[in-house]
Amino acid sequence: MNRKTILTLGTTALLSLGLLGGVATMAAADSHKSGDDMAEAQAFLAAPGSIAQAITAAETQSGGKAMSAEFEDHGADAGWYEVEIVMADGTVAKLLVNPADGTVKAADSRRKDDDKAHGETDGDGAENESN
């Protein structure tokens, strides 16, 4: 074999090993995330109230309109629904709804720091920002 062929084969082998390592790392990370997703899904299914009931309770309590809602699976608010409400004046409030009894309370402003600590984003890949 000539020198050019050996260099080409060596480079191809190194690139292949790098790609395989990257794929293995991604698969391991995805596997861990799937486990987290499964735990969140099980907690969500075990919650006594529905997300629709939480939205209704938050809208009724605040007089605003729900813009988004999610089930909290970590931190002090684990097991509660967080409902983002838009008020008539355009302000946005985050409320927490207890799925067991429908009680509504304001979300703790420190929760954003908790989101960042858990790597949560706004869906566009950017970390959540404080209001």
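Some values worked out for this structure:
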{"item": "Fully extended contour minus Cα-Cα distance, from Lys105 to Ser50, at 0.36 nm per residue", "result": "18.1 nm"}
{"item": "Local net charge near Ala43, Cβ-Cβ under 10 Å (Lys/Arg +1, Asp/Glu -1)", "result": "-3"}
{"item": "Calculated FRET value between Ala39 and Met87, using beta carbons and R₀ = 30 Å, to 0.05", "result": "0.35"}
{"item": "Sites Met67 and Ile6 - FRET efficiency at Förster radius 41 Å, r taken between beta-carbons, to 0.05", "result": "0.10"}
{"item": "Neighbourhood charge, 10 Å Cβ-Cβ cut-off, centred on Ala66 and excluding it, Lys, Arg +1 and Asp, Glu -1", "result": "-1"}
{"item": "Asp73, Asp89, Asp101, Asp108 arranged by Cβ crowding within 10 Å, fewest neighbours leading", "result": "Asp89, Asp101, Asp108, Asp73"}
{"item": "Exposure proxy order (Cβ contacts within 10 Å, fewest to most) of Lys105, Lys94", "result": "Lys105, Lys94"}
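Quick note: the coordinates plus some simple rules give every number you see, no bench work behind them. These figures come from a predicted structure and were not determined experimentally. A quick note on method: Cβ atoms are made from the backbone with ideal geometry, for glycine too, and the neighbour counts reach across all protein chains shown.
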